[in-house]
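What follows is a short report on a single structure.
The values are calculated or read from the model by the stated rules, or taken from the named source; none is laboratory data. Not measured: the values here are computed from a predicted model. Here the Cβ positions follow ideal geometry from the backbone for every residue, glycine too, while neighbour counts run over all protein chains shown.
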Amino acid sequence: MAKENVSMHVARLVSSTVLNLFFIINLCVAENRKLGLSWSKKAAADAEAVAAISCSGHGRAYLDGLVLNEKGFPVCECNSCYGGPDCSELSPACAVNAGSGDPYFLEPFWRQHAASSAVVVAGWHRMGYSYSDNTYMSQELEKRVRILHSIVGNAVTAGRYIVFGAGSTQLLNAAVNALSTDNSSMPAPVVASIPYYPVYKTQTDIFQSINYKFEGDASLWKNSTSDATVNVIEFVTSPNNPDGQPNKAVLSGPNAKAIHDHAYYWPHFSPIPTPADEDVMVFTISKLTGHAGTRFGWAIIKDKAVYDRMIQYMDLNTMGVSRDSQLRALKLLKVVIEGGGREIFDFGYKTMRDRWQKVSETLSKSKRFSLQKIAPQYCNFFHKVRESSPAYAWVKCEREEDRDCNAVLQGANINGRNGSVYSAEDRYVRLSLIRSQDDFDLLFQRLNKLV
């Protein structure tokens, strides 16, 4: 009996000890977790406090915004034509901003996905120059880029090389440099079809390279690609900026080299009839997710020699893209890819389709103005024939006396971009449809009054 009591006592003691150890270990783990998350909790609290600042739905406050109030919070940054401490004051006589290409139309989507798209970055995140594989590119991000194109069906990536850049802008000149010939008898002509994105010219000009020179309209070089010693480099933008057309290369032949800029080849803006399958293709997150300020883009390259030259350019120019930008891009692409991309592309397409239809219907009532026509196509992403929903309205003033169409619109308090910016006639003006809902609503009101 005594032995049984001793055994029971020992068993109870062991059980009690084990139970106490269990609780102590859990308390220690919980405390460690609590201590380990202290810095992120503060960062999250700061971010949520700023996000909660009321700007009346007509602006936003940012963590890195200007601090002017006594509480130490950043002030509201208001949408065009709105002002006041909380952006609640509309200036009726204000000129609406229809010139800028800031893609705020996707901001409501990201507000709905605040938790899944948020990034908290440790102060010691990626302090070195390179990743563990001694490159300047995140392998995880490259995987997501390939998955994205597979889901959307807008580009072939199998067997291709990928290069990251600071937006598409940096990649465009990296590609020009890679396609030009060293020690040539003359600089490689760089050309584009009118109307074209002005950065093609301005960026090519600013570098003043002995290997390449911007030479304007591609159509003037149709019979000049037979010189075996010189490449002619053509920018091909599809869909085109400013008119949304699905452009094709004008030049052909062994010395015709094309850089295909597909910044707008996403279901927001265009049907996706087939995957793009060119030698050099450039994409950007700016018009995919709307995060133009993140400055992240990528090129898909077929030829290893061209890839190597572009990588060398990026390594020497900026040692790759900011690691913080790559981290944010990775987080954003994870959200985009979730659910097969349907959520963001449904949202983006519906928004842009509605805006395009409103502008088209309004301008169709007038003989003074005309709008670009884009043929509908079958879209393999949405599995239907659909119209384009372009980022910009390319408006033409039809009256003989209206030689400066932007000036005509400015008379109605609408600021667009002159056609001459895109090397076209000033009878044309580009109106941005991708800005905030406030900007579009004001643009639509002013167009209705003008028509």
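Against the test of being at pLDDT 95 or above, closer than 15 Å to Ala95 by Cα and either in the same structural domain as Tyr264 (by TED's automatic domain parsing) or of a type in the set (Ser, Thr, Tyr) (or both), the options Ser370, Ser420, Ser432 yield a single qualifying residue, Ser432.
If the condition is being in a loop (DSSP other than H, G, I, E, B) and free of Cβ contacts under 8 Å to residues at least 24 places away in the same chain, then segment 132-148 contributes Ser132, Asp133, Asn134. Screening the candidates Val156, Val152, Val176 for the property of being touching a helix residue (DSSP H, G or I) at 6+ places or on another chain (Cβ under 9 Å), within 23 Å of Gln312 (Cα to Cα) and in the same structural domain as Gly293 (by TED's automatic domain parsing) yields one hit, Val176.
Condition check ((1) outside any loop (DSSP other than H, G, I, E, B); (2) modelled with pLDDT of 95 or more; (3) of a type outside the set (S, T, N, Q); (4) out of contact with any Cys (no Cβ under 6 Å at 6 or more places or on another chain)) across all residues:
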{"residue": "Leu172", "(1), (2), (3), (4)": "yes, yes, yes, yes"}
{"residue": "Val176", "(1), (2), (3), (4)": "yes, yes, yes, yes"}
{"residue": "Asp182", "(1), (2), (3), (4)": "no, no, yes, yes"}
{"residue": "Tyr200", "(1), (2), (3), (4)": "yes, yes, yes, yes"}
{"residue": "Gln203", "(1), (2), (3), (4)": "yes, yes, no, yes"}
{"residue": "Lys213", "(1), (2), (3), (4)": "yes, yes, yes, yes"}
{"residue": "Ser226", "(1), (2), (3), (4)": "no, no, no, yes"}
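Summed over segment 149-159, residues that are crowded, with 19+ Cβ neighbours inside 10 Å and outside any loop (DSSP other than H, G, I, E, B) total 3. Do we find a residue being assigned to a helix (DSSP H, G or I), under 30 Å from Gly59 (Cα atoms) and not charged (D, E, K, R) anywhere in segment 160-167? Scanning segment 160-167, I find at least one residue that is assigned to a helix (DSSP H, G or I), under 30 Å from Gly59 (Cα atoms) and not charged (D, E, K, R), so the answer is yes. Condition first: outside any helix (DSSP H, G or I) and of a type in the set (A, V, I, L, M). Now tell me which residues in segment 296-334 satisfy that. Across segment 296-334, the qualifying residues are Ala299, Ile300, Ile301, Met319, Val321. When you look at Ser116, is it among the polar types (S, T, N, Q), in a loop (DSSP other than H, G, I, E, B), under 26 Å from the mean Cα position of the chain (by Cα) and modelled with pLDDT of 95 or more, yes or no? In short, no. Residues in segment 251-277 that are assigned to a loop (DSSP other than H, G, I, E, B), surrounded by fewer than 20 Cβ atoms within 10 Å (Cβ to Cβ) and touching a residue at least 40 places away in the same chain (Cβ under 8 Å): how many? The number of residues fulfilling the criteria is 4. Across segment 234-254, the qualifying residues are those that are small (Gly, Ala, Ser) and modelled with pLDDT under 95, and the one among them that is nearest to Tyr428 (Cα to Cα) is Ser252. Among the numbered conditions (1) farther than 21 Å from Ile151 by Cα; (2) at pLDDT 95 or above; (3) among the hydrophobic types (A, V, I, L, M, F, W, C), the only one that Trp221 does not meet is (2).
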